[in-house]
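Trainee: Take a look at this one; I'll ask things after.
The values are calculated or read from the model by the stated rules, or taken from the named source; none is laboratory data. This structure is a prediction, so every number in the text was calculated from the model and none was measured. Heads up: the accessible areas ignore ligands, DNA and RNA and are worked out on the full protein's heavy atoms, side chains in. Shrake-Rupley method; radii C 1.70, N 1.55, O 1.52, S 1.80 Å.
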Amino acid sequence: MAGGVPAALGGSLRVFKGTFIHSTDTSPLEILEPCILGVNGLGKIVFIETVDKEQELSEKWHFKRENIRELQPRAEFFIPGLIDTHIHASQYPNMGACMDLPLLEWLVKYTFPVEAKFKDLKFAEDTYSKVVRRTLRNGTTTACYFATIHTDSSLKLCEVVDRLGQRAFVGKVCMDLNELFPEYKELLSESVNETERFIAELAGREYPLVKPIVTPRFVLSCSAELMQRLGTFVTHNNLHIQSHISESRKEVEVVKKTFPTCKNYSDIYNRHGLLTDKTIMAHGVYLSDQELELFRKKGAAISHCPNSNFSLCSGLFDARNALNHKVIIGLGTDVSGGYSPSMLNAVRSAIDVTKILSLRSSNYEKLSYQEVFRLATLGGSKALGLDKLIGNFEVGKDFDAVLVKTNVPDSPFDVFPDDPQKDIFQKFLFLGDDRNMIEVYVAGRKVVPFLAP
């Protein structure tokens with residue numbers, strides 16, 4: 001597990017000793033205890049070994065025992081940073097409210113009006129600062145954000161993400177159709193030109209952890225020509241793509257009537273060059289097996305958003321079936337269709353969904369909590385094409401991590417003397433919250449607790 005030639009010596013190296021819990025391709029849950037892990041000055045994991053190698057490692061990497069950060073046994077452990085593969089930063093003001101309508105009606109009554117407010121840069125900065133701080137406090141080290149149609153406020157989200165130290169994809173929303181709320185849409189040429197400007201200006205700012213993602217809202221908000229031009233732009237510039245697909249029955253029916261010559265919903269995106277190995281589509285509740293095969297073939301990923309699928313009464317996504325088709329799956333909070341910014345809530349909701357689906361068939365293979373934890377970490381990194389960089393505690397990856405403390409004051413759960421480490425972790429997964437996440441690291445930098453302004 002150790003790295004090669006030392007790349008950081010002395011004070012630039014940080015060393016942690018204790019329990020590390022993560023997932024790998026072959027194991028949905030590995031508890032590494034007790035282990036010793038080193039992070040170099042670039043935020044990279046340079047070694048992770050069992051503690052019996054401490055002397056050998058200290059000689060190789062030139063660190064002293066008194067400089068090791070020792071975690072409290074059973075009371076503290078590290079998990080990889082949580083990865084939210086679908087969240088609408090611009091809908092944060094509505095989070096926890098406006099939950100009484102199905103998708104299409106909900107968009108018109110609540111969502112488009114709040115997103116229209118983001119032409120005001122002061123409102124945008126205030127809101128985006130709140131949502132990024134909230135997600136970081138909840139252990140989200142990487143987020144895939146929808147912003148709005150407003151280029152400058154979308155760039156403001158990028159600025160806030162960079163300032164607070166989160167890793168993110170940010171998308172300026174593209175939509176040239178909106179008959180039901182016409183105040184919130186763009187001209188076709190404006191949508192394309194402003195997307196190009198957004199990406200060019202973001203590149204010029206050289207934020208190390210913030211990347212653009214082309215964001216056609218969904219098929220019903222985009223003309224065929226807009227999708228085609230975005231698809232061409234994506235191909236020429238090798239960019240990531242995010243959108244929505246097959247979220248609700250009514251939506252699927254309207255899409256079918258709007259594009260009668262296409263085989264299915266997925267075929268629409270595919271024909272317009274928007275279904276690639278850099279694509280992540282939210283929801284996918286009603287995707288057919290044929291469509292899942294297309295996703296597998298293209299290497300496109302799905303963001304499973306169970307909270308919003310419940311909350312908007314959209315449906316139940318069968319993640320097991322998608323995984324059986326070898327489709328890449330991550331988890332998303334989908335704020336504010338989802339009422340919680342916590343990826344722990346997304347984990348719990350995904351476990352509820354798989355249990356509900358098992359009631360329909362006696363031989364249904366439920367997802368285990370370990371598998372769902374993998375979706376929230378390593379799975380999310382794969383869905384965003386970042387698995388060579390983050391997702392677990394492998395040597396060479398960035399140290400994106402959450403330090404969990406079980407015995408904080410007023411902890412939402414209790415640990416008993418006979419509890420094994422696996423049960424302690426499970427209690428955190430089902431009962432823990434941001435109070436237990438005492439430190440959050442992104443690329444080796446401690447971003448929570450927040451520094452004083």
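Trainee: Among the listed pairs Lys256/Lys326; Lys278/Lys422; Lys130/Lys211, which have their C-alpha atoms separated by more than 23 angstrom in this model?
Mentor: On the way: Lys256/Lys326 26 Å; Lys278/Lys422 35 Å; Lys130/Lys211 20 Å.
As for pairs spanning more than 23 Å Cα to Cα, those are Lys256/Lys326; Lys278/Lys422.
Trainee: In the structure shown, do any of Lys60/Lys405; Lys355/Lys446; Lys185/Lys257 have a Cα-Cα gap over 28 Å, and if so which?
Mentor: Distance filter (> 28 Å) returns Lys60/Lys405; Lys355/Lys446.
Trainee: Now for a different question. Taking the alpha-carbon centroid of each part, what is the distance from segment 122-154 to segment 435-453 in angstrom?
Mentor: Result: 17 Å between the Cα centres.
Trainee: Enter the accessible area of Glu225 (Å², nearest 10), with the probe set to 1.4 Å and all protein chains included.
Mentor: Roughly 110 Å² of Glu225 is accessible to a 1.4 Å probe.
Trainee: Give me the 1.4 Å probe accessible area per residue for the chain, excluding ligands and nucleic acids, in Å².
Mentor: On the way: 18270 Å² over 453 residues.
I get 40 Å² per residue for the chain.
Trainee: In degrees between 0 and 90, to the nearest 10, how far off the longest principal axis of the chain does helix 121-137 point, with axes built from Cα atoms?
Mentor: 40
Trainee: Let me ask something else. Take every DSSP beta bridge whose two residues both sit in the chain, then give the antiparallel share in percent to the nearest 5.
Mentor: Antiparallel bridges make up about 45 percent of those DSSP assigns within the chain.
Trainee: Using alpha-carbon positions, what is the distance between the centroids of segment 277-348 and segment 82-111, in Å?
Mentor: 16
Trainee: Taking Cα atoms, how many degrees apart are the long axis of helix 224-237 and the longest axis of the chain, rounded to 10 and kept between 0 and 90?
Mentor: So the helix axis and the longest Cα principal axis differ by about 40 degrees.
Trainee: At a Cα cut-off below 14 Å, give the aspartates and glutamates reachable from Lys53, other chains included and same-chain residues fewer than 8 away excluded.
Mentor: Within the straight-line limit of under 14 Å, Lys53 reaches these aspartates and glutamates: Glu33.
Trainee: Rounded to the nearest 500 deg cm²/dmol, what is the calculated helix-only ellipticity per residue at 222 nm for the chain, with -39500 (n - 2.57) per DSSP H run of length n ≥ 4?
Mentor: After summing the helix terms and dividing by residue count, I get -10000 deg cm²/dmol.
Trainee: With a 1.4 Å probe and every protein chain kept in, tell me what percent of the accessible surface of segment 84-383 is carbon plus sulfur.
Mentor: Carbon and sulfur together cover 51 percent of it.
Trainee: Another one. If you line up the long axis of helix 421-431 against the longest principal axis of the chain, both from Cα atoms, how many degrees apart are they, to the nearest 10?
Mentor: Helix 421-431 and the main axis of the chain meet at about 30 degrees.
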